[in-house]
Each structure stands twice: as C-alpha cells, then as structure tokens.
Amino acid sequence: MQFTSEQRLDDGVLEREFTLGEIPGILWTPGAASASAPVPLILLGHPPLGLRGMYPRLVDRARQAAADGFAAATIELPGSGDRPRWAAAEQARAELRRAMEAGEPIGDEIIDALVLPLVERAVPEWQAALDALLALPEIGGPVGYSGGVISIGTRLAVVEPRISAAVLFAGSFVPRAMFEEARRVTIPLHVLLQWDDEGNDRQAALDLFDAFGSKEKTLHANMGGHTGVPQFAGDAAARFFTRHLS
C-alpha cells in the first residue's frame, strides 16, 4: 500500500488516498486516531460508478464512521473509475440498458453476466486491501462491511472471517447463485431496502434476506427510491455498527 495524498477535513478526519498495486482507494481515520489505540474499521462498498462520482456519498459515510470512533476505507471496483475498461462488463451493462429501455424483463443471463464476474474479481481485491489496512498501526479490529453491491457483501461475509458484521444495501440485481451463498452467512446483518427502488427487484431482495443464515438479521425497509434513504435509517445502521464493532 502506498499513500499518494492526504488532507485534514474540517471536522478533523484525516483523509488519505492510496494505491494497492493498480487499485486506488481512500482511507479515513478519526482526528484523534494517531494519539489513541487502534480503531475498528468499516469497509465502504459502493456501486461500480467510480470513486470520483461516489465521493460525496462515501465521505459522508466516512465522517459518520469517524464520529463513532471508526476508520473507514474504500477501493475502486474493477473496470470502473480510472481503472482499465473491462469489455465483458461493458457488454453486460449495454445488454441491461437495452432490456430496460425496451421494457423487457431482466433475465438471469444478463444478471449473471453483470454481477458474477464482478464478485469474482472484487472480493479478492477487498481481501488484499483488508490485509494492507490491518497492517497499519492505527487500524485494529473488528471489521465491518457497509453498502455497495449486495452480492459482493454477501460473498465477503461468507469467505472473510475478519468481517464481524455487515450493513447491506438491497439495491442491486442478485444472481440466483448468490441465494445459496446467503445461506452460509452467519454474521450479524442489518439490511436496508428502499421499497420503491426503481433499479431493484423488491421480491428478490426479500427472498435474499430470508435466505441469509444469520441468527441476527434485521430488515429496515423504507418508502422511496434508490437515493431516498432517510437519515434515521442511516442512524440505525450506525447504531448497529456501534453495537458490534465497539
């Protein structure tokens, strides 16, 4: 991991950009982190829209995490942002747009092509980032995962034992294969669902929640579209992490 820039935000949070090989990322730590014991870490997932485009939402979530005493970090997903274009992913997105514009059902073949290769590439990168982040003296455990493509979060919850709890956003397409993986998830989960999300199959989200094998799992559903998550829902997610990571 190589840090490439740093700045102190107005609330004292230290923001540092880094690269991990070819993968860009950002780490935020609380203002007093350097003078205290290592802090827990929340991995901030996001859709494949690029870190620059997602930055305003990511930094808001990072500031909340820092206010609660946590570090937060994110990395650029494969094929997005400044990373090399990924022909298969571009083709899958084109097929999705074509089907949506034609008013056709989004079939399993399109969903699998869009999501499964992304999961296969992204999850090992998140694990490599976690290796590097936990090697920093200011970062300790436990670790949480928040948001992003729900299939990535599901896979990470299955294969990464260092993740102790997760807040998942039910706002992306879910391949059928992920339902079997969901049954193997055992960590505490807090799932956010926007009831009128224009890009989400509500029934698939409910079925996935039902499939999760966790003994502690909460579904927080609210009226509104994809970007209309109310503040109190975010506050509830923050309290969830405080219970499980503090």
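The values are calculated or read from the model by the stated rules, or taken from the named source; none is laboratory data. Keep in mind the model is a prediction, meaning the values are calculated, not measured. Ideal geometry is used to build each Cβ from the backbone, glycine not excepted, and the neighbour counts take in all protein chains shown. Just the protein is used for accessible areas: all its heavy atoms, side chains included, with ligands, DNA and RNA removed. Shrake-Rupley method; radii C 1.70, N 1.55, O 1.52, S 1.80 Å.
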Item checked: Paired Rg and Dmax values of segment 125-202, which use every Cα atom, in angstrom -> 13.6, 43
Checklist line | Order by protection proxy (mean Cβ within 10 Å, highest first), peptides 95-101, 239-245 | finding: 239-245, 95-101
Next item on the list: Can you tell me how much longer the chain between Asp11 and Ala88 gets when fully stretched, taken as 0.36 nm per residue apart minus their C-alpha distance, in nm with one decimal?
Entry: 23.6 nm
Next item on the list: Please give the contour-minus-distance gain from Asn222 to Asp210: 0.36 nm per residue of separation, less the Cα-Cα distance, rounded to one decimal in nm.
Entry: 2.6 nm
Check: In the chain, what % of DSSP beta bridges are antiparallel (nearest 5)?
Finding: 45 percent
Checklist line | Average silhouette area of the chain, convex hull of alpha-carbon atoms, in square nanometres | finding: 12.4 nm²
Check: Taking the Cα atoms of segment 39-185, what is the range of coordinates along each of the three principal axes, in descending order and whole Å?
Finding: 50, 34, 24
Notebook entry, point to check: Tell me, what does the Kirkwood hydrodynamic radius of segment 103-246 come to in angstroms if you use every pair of distinct C-alpha atoms?
Noted result: 15.7 Å
Next item on the list: Could you work out how far helix 51-67 tilts from the main Cα principal axis of the chain, as a 0 to 90 degree angle to the nearest 10?
Entry: 50 degrees
Check: Restricting attention to segment 1-70, which GluC sites (Glu not before Pro) occupy a DSSP loop and are surrounded by at most 15 other Cβ atoms within 10 Å?
Finding: Glu22
Notebook entry, point to check: By how many nm would the segment from Asp131 to Thr4 grow when fully extended, if each residue of separation counts as 0.36 nm and the alpha-carbon distance is taken off?
Noted result: 43.9 nm
Checklist line | Folded to 0 to 90 degrees: helix 108-134 orientation relative to the chain principal axis, Cα | finding: 10 degrees
Checklist line | Probe 1.4 Å, protein heavy atoms only - accessible area per residue of the chain in square angstrom | finding: 46 Å²
Item checked: Percent carbon-and-sulfur accessible area, segment 1-99, ignoring ligands, DNA and RNA, probe 1.4 Å -> 53 percent
Checklist line | Acute angle (nearest 10 degrees) that the helix 87-101 long axis makes with the longest principal axis of the chain, alpha-carbon atoms | finding: 60 degrees
Notebook entry, point to check: Between Lys217 and residues 5 or more places away or on another chain, which pairs have amide H atoms under 5 Å apart, with H built 1.01 Å from N, and which residues are they?
Noted result: Leu189
Notebook entry, point to check: So how long is each side of segment 181-234 along the principal axes, counting just the alpha-carbon atoms, biggest first, in Å?
Noted result: 30, 23, 11
Checklist line | Where labels lie 7 Å past Cα in the beta-carbon direction, separation of Gln231 and Met100 in nm | finding: 2.9 nm
